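For reference, the structure discussed in these notes is given below.
The values are calculated or read from the model by the stated rules, or taken from the named source; none is laboratory data. Everything quoted here is computed from the prediction, not taken from an experiment. Using ideal geometry, Cβ is built from the backbone for each residue, glycine included, and neighbour counts are taken over all protein chains shown. Surface accessibility is based on the protein's heavy atoms, side chains included, excluding ligands, DNA and RNA. Shrake-Rupley method; radii C 1.70, N 1.55, O 1.52, S 1.80 Å.
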Amino acid sequence: MQFKMKASNSGVSVLLQAFTSAAPCSNKDIFYCAHVVALSLYRVRKPEQVKLRLPISETLFQMNRDQLQKFVQYLITVHHTEVLPTAQKLADEILSQNSEINQVHGAPDPTAGASVDDENCWHLDEEQVQEQVKLFLSQGGYHGSGKQLNLLFSKVREMLKMRDSNGARMLALITEQFMGDPRLVLWRQQGTTMTDKYRQLWDELGALWMCIVLNPHSKPEQKSLWLHQLHRWNSVDVCPLEDGNHVSELTNLTNALQQNPPGNPDPLTRPHRTVFTRAIEACDLHWQDPHLQHIITEDHYTNYGYNYNPDSSLFDRRGWPLWHEHVPTACARVDALRSHGYPKEALRLAVAIVNTMRRQQQKQLEFFQAHKKELLHKGITSVTNLEGWVGHPLDPIGTLFSTLMEMGRATEDRPTPLLDFSGSLSSGRRMEHPVFPVQCYLEAGESLVSLAVETALIGLGQQRVMPDGLYAQEKVCRNEEQLLAKLQEISLDEKLVKIFQKQGSILLEAGPYSGLGELLFRESVPMHTFAKHLFTSLLPHDADLAYKIALRAMRLPVLESTAPSGDLSQPHHIVSVVPNRLPRWFTLSHIETQQCELASTMLTAAKGDARKLETMLESIQKNIHSASHIFKLAQDAFKIATLMDSLPDITLLKVSLELGLQVMRMTLSTLNWRRREMVRWLVTCATEAGVFALDSIMQNWFTLFTPTEATSIVASTVMSNSTIVRLHLDCHQQDKLAKSARTLALQCAVKDPQNCALSALTLCEKDHIAFETAYQIVLDASATGMNYTQLFTIARYMEHRGYPMRAYKLATLAMTHLNLTYNQDTHPAINDVLWACALSHSLGKNELASVIPLVVKSVKCATVLSDILRRCTLTTPGLVTLHSRRNSAKLMPLDKAPLRQLLDATIGAYINTTHSRLTHISPRHYSEFIEFLSKARETFLMAPDGHIQFTQFIDNLKQIYKGKKKLMTLVRERFG
């Protein structure tokens with residue numbers, strides 16, 4: 001067990017202190033030593049052996065006047081040498097009416113223990129704290145080090161709450177270790193950013209220093225010391241910056257009451273704002289303002305020093321106090337009050353701030369309504385919030401929300417709340433969980449919980465500029481999601497629903513002050529995530545308002561190249577307040593996903609409502625710019641529309657199809673790895689929609705598909721048996737679809753014959769005229785638009801379909817595009833050449849005679865030519881098909897055309913190839929070369945004078961390549 005030791009003088013504490021002082025243990029640790037623990041346990045186990053006395057003030061209260069006089073006189077007599085001067089002095093002061101001692105009610109009692117308001121001090125082992133922090137930092141996020149550091153921060157907050165003066169000292173020790181982290185220098189040198197979790201630790205460090213310097217009872221010398229430390233850390237080059245960037249556009253905003261629209265400042269002149277900057281600026285703040293003092297110390301303003309004026313900015317029309325200060329700064333005061341153990345005062349200030357926010361929101365609404373026509377006509381807006389309250393480094397909305405919720409839940413736990421608002425910041429004992437009387441500053445029927453909810457809605461709905469930098473933008477998303485998660489934990493009753501309705505209506509009408517207003521500047525933080533929460537919360541209670549909010553929130557102007565003309569039913573204007581700035585929205589992917597989620601939620605809810613679905617379709621087509629997200633929405637709509645347990649929702653199916661068509665148009669000319677999947681899905685969707693939809697996409701294929709997609713996927717799927725069965729088509733409908741598919745196929749073949757001709761022929765097989773047209777398209781394109789591979793493929797298809805002469809024609813056209821060099825003996829086109837020659841041979845002598853010159857011209861590879869030559873000499877041309885002439889036909893002679901031409905070309909190819917191989921031959925290829933010459937001799941010998949030609953050829957080699965002695969020796973051994 002570990003016990004903290006607090007300096008105190010009551011009861012057992014006196015005994016503990018005496019025991020500790022007598023023990024030889026070190027008193028530097030933050031925990032009790034073993035002796036104190038043992039004594040505490042002894043007192044618990046044997047209470048009868050340790051006498052417990054009441055505080056002396058209680059004993060004196062029980063005495064009458066005579067007993068009190070006797071007690072004092074005996075006390076002075078026993079210790080007369082030590083206390084007599086003090087006793088005489090005190091007696092004189094008590095008898096004097098104007099003495100200082102008579103200005104204080106009551107008297108001190110050293111035996112009663114310390115007050116919770118008293119300053120106290122824990123023994124702090126500085127070396128231990130430093131070593132722990134250094135160890136956790138060195139682990140770099142592993143082994144739960146981040147969790148341990150957060151526990152240390154929690155320890156600091158606990159110390160602040162207990163008014164322990166060592167809280168600031170402990171935080172300073174922690175900060176020193178953070179500043180000495182060697183990774184800071186490394187990251188700066190490498191230009192890399194710190195991890196997100198580590199960055200959040202620095203945020204907490206900055207927030208804690210803000211609480212330290214805003215301690216309402218800090219002494220000037222303490223503040224001066226803290227300011228000196230903060231300036232020292234702030235000046236270090238590697239000190240982390242507030243927004244995670246190396247530059248920032250923000251000026252000093254901690255004390256700013258009014259903010260001007262941003263300009264385009266020179267990056268070199270931008271201020272250097274670190275995680276300590278706000279704490280440094282907060283050192284200029286104080287708590288002496290009389291209005292502020294009255295807010296946090298008085299429940300009512302009966303003793304207020306000024307006459308109440310309804311027009312005063314210090315009060316609203318009900319006479320409730322307002323606090324006009326930069327909201328994040330004012331909320332930092334609330335956080336400081338809570339952190340230093342002043343929950344009642346924190347609550348008072350929080351309520352005043354929220355009432356001020358509500359009043360300001362109403363004023364902004366009234367101003368916009370009064371100037372609405374003028375502002376909408378001019379399309380001008382101003383940025384009222386350079387830094388929004390959600391995602392702000394000081395987390396103002398989170399602070400207000402948690403302050404109100406904690407006290408609100410405490411109130412709910414007590415059915416008969418007590419009123420305990422007496423005293424000031426320096427008052428004596430206070431309740432551990434003070435209860436706030438709801439009726440004090442709240443409207444009828446309002447509670448602290450409802451006030452917290454409204455505060456969150458105001459903050460989340462605020463129109464604000466997207467901050468610079470990845471970390472700051474991620475923080476906006478994270479902070480928003482955290483707030484919404486807390487809101488979702490609250491059950492919506494009738495009162496809270498009314499608040500949602502009230503704020504939803506205000507946000508729609510509040511103009512440029514609202515992220516859901518009609519005037520939206522280009523770089524404002526989108527409202528998709530927030531609007532989705534509003535939509536789902538309001539849908540069961542006020543569907544019209546829910547849809548208005550969600551549709552308004554669908555906007556994403558940062559992706560608009562120009563300002564759209566209208567916002568569905570009402571006009572709105574997109575205004576880029578900093579037109580020359582090109583923002584980097586690092587979280588854009590996340591934002592677009594949230595936009596898609598909002599749209600999907602609305603589509604699901606709108607099933608069965610044709611009017612709402614049509615409106616949704618317009619909104620999606622107008623506002624969503626990502627093809628992948630539109631495709632997801634199309635798929636979502638299709639799934640919802642075709643649920644198995646009900647008939648298809650025709651309108652929703654139409655929405656799905658329209659979105660799918662938009663995706664096709666968007667991705668037609670851009671690369672998208674999901675394109676094939678998208679095309680297949682669209683055909684499925686159109687099939688579900690019916691014959692008309694399928695016919696329509698084929699009629700307009702050129703705006704939706706590439707020619708290849710249109711023939712290989714669209715038309716082939718439409719004409720498949722599965723589609724016919726799925727749609728229960730009659731003969732007339734089948735013919736109509738088939739005609740559209742053939743027309744499409746022919747158009748695609750003309751546009752892209754290389755990739756579509758074969759598909760067109762296949763699709764047109766059953767229609768003679770269409771098939772002939774497709775064949776003619778191939779012939780027309782063969783000269784320029786098609787290569788030999790495509791032509792050979794179509795030629796083989798023709799032969800397979802029973803058109804050998806057409807196949808032959810295409811094969812000869814393919815040969816004109818082919819060129820096989822001497823060393824391409826493994827080229828994939830070789831099989832096509834052999835097939836073409838076999839086809840020609842099978843058709844007859846004339847066809848073979850026509851193709852051989854093409855072969856001789858296109859093929860220079862000796863082995864291929866010899867293979868063709870050998871095949872042509874085995875059978876008579878035409879015998880394959882003309883069986884009646886089998887016995888009368890004769891083999892074609894090799895000494896006459898066309899085989900003589902082929903034979904000469906083959907011999908010439910062997911000669912040329914031999915010389916080419918000998919140019920760069922190496923000894924390891926000698927045996928392979930000898931085998932090559934053996935094959936060459938076989939071809940030479942097919943000629944009438946082949947023996948003589950081959951002998952001359954070998955002699956030539958011996959003479960030309962006599963330098964290659966070893967190789968020529970091998971040649972002599974084999975060929976003489």
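Listed values, structure above:
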| item | result |
| --- | --- |
| Using a Förster distance of 30 Å, the FRET efficiency for ASN150-HIS35 (Cβ separation, nearest 0.05) | 0.40 |
| Accessible area (Å², 1.4 Å probe, nearest 10) - CYS33 | 30 Å² |
| Relative packing of 46-52, 679-685, 443-449, which averages over residues the other C-beta atoms within 10 Å, highest first | 679-685, 443-449, 46-52 |
| Sequence of ASP832, ASP825 when ordered by accessible area, the most exposed leading, probe 1.4 angstrom | ASP825, ASP832 |
| Radius of gyration and Dmax over the Cα atoms of the range 317-410, both given in Å | 16.0, 52 |
| FRET efficiency, 1/(1 + (r/R0)^6) with R0 35 Å, evaluated for ARG801 and HIS947 via beta carbons | 0.15 |
| Within straight-line cross-link reach of LYS962, aspartates and glutamates at Cα separation under 15 Å, skipping those fewer than 8 residues along the same chain | GLU973 |
| Computed lengthening from GLU677 to ASP730, 0.36 nm per intervening residue step minus Cα-Cα distance | 16.2 nm |
| Fully extended contour minus Cα-Cα distance, from ASN956 to THR793, at 0.36 nm per residue | 54.4 nm |
| Vicinal HN-Hα couplings computed from phi for the range 730-746 (Karplus, 6.51 cos²θ - 1.76 cosθ + 1.60; Hz; Gly/Pro x) | 8, 4, 4, 5, 4, 4, 5, 5, 4, 4, 4, 5, 5, 4, 4, 4, 5 |
| Modelled FRET efficiency - R0 35 Å, LYS134 with ILE56, Cβ distances, 0.05 increments | 0.15 |
| Trypsin sites (Lys or Arg not before Pro) within the range 931-975: DSSP coil, no more than 10 neighbouring Cβ in 10 Å | LYS962 |
| Semi-axis lengths (Å, descending) of the ellipsoid that matches the C-alpha gyration tensor of the range 683-820 | 30, 15, 11 |
| Amide proton proximity set for LEU520, modelled H, under 5 Å, gap of 5+ | HIS573, VAL575 |
| Largest to smallest accessible area among LEU891, LEU813, LEU704 [probe 1.4 Å] | LEU891, LEU813, LEU704 |
| Long-range Cα-Cα pairs in the range 587-720 (distance over 18 Å), rounded percent | 53 percent |
| Rough spin-label spacing in nm, given labels placed 7 Å along Cα→Cβ, for GLN824 and GLU443 | 8.5 nm |
| Exposure ranking of MET805, MET407, MET63 by accessible area [1.4 Å probe, largest first] | MET805, MET63, MET407 |
| Estimated inter-spin distance, ASN846 and LYS739, nm [label 7 Å along Cα→Cβ] | 4.0 nm |
| For the range 53-102: rounded, prolate or oblate by the Cα gyration tensor [a/c cutoff 1.5] | oblate |
| Chain lengthening between GLU127 and MET179 when straightened (0.36 nm per residue, less Cα-Cα) | 17.1 nm |
| Cα gyration tensor shape for the range 858-968, rounded if a/c is under 1.5, else prolate or oblate | prolate |
| Per-peptide average of other Cβ atoms within 10 Å, ordering 625-634, 661-670 highest first | 625-634, 661-670 |
| Solvent-accessible heavy-atom area per residue, rounded to whole Å², over the range 53-102 at 1.4 Å | 91 Å² |
| Flagged links, alpha-carbon separation over 18 Å, of LYS344/LYS502; LYS155/LYS475; LYS860/LYS966; LYS607/LYS639 | LYS344/LYS502; LYS155/LYS475; LYS860/LYS966 |
